[in-house]
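Right, one structure below, let's go through it.
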Amino acid sequence: MDDILDRVNQAEKRISAIKDKVAYRDLKKMLAGVDNKVTAISQESVECRRLKKETSKFTELIKEANQLLDNLEQHITFAALIG
């Protein structure tokens, strides 16, 4: 979970450097989706602690968050190259 949060923080910093307003807005929307997924992971981690084991939903949410972050990072790189 910490690595995901680190990647989100890095993405936020990189997005703030984007000059193109349209790309910036689109990247912020994508980041909001990642933030929603991180919130879901946090909520599911409470359930994992309650059950004292990692649930399949938790691992699936982690996988989805990583995919969203991969996609976001690619778009950030593309926007930086264009701008």
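Among the candidates Ala80, Ala17, single out the residue that is exposed (fewer than 12 other Cβ atoms within 10 Å of the Cβ) and in contact (Cβ under 8 Å) with a residue 40 or more places away in the chain.
Ala17
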> Could we say that Ala40 is closer than 18 Å to Thr77 by Cα, assigned to a helix (DSSP H, G or I) and either among the basic types (Lys, Arg) or at pLDDT 95 or above (or both) here?
Replying inline: no
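The values are calculated or read from the model by the stated rules, or taken from the named source; none is laboratory data. The structure presented is a predicted model; accordingly, all values stated were derived computationally and were not measured. So basically every Cβ, Gly included, is an ideal-geometry build from the backbone, and we count neighbours across all protein chains shown.
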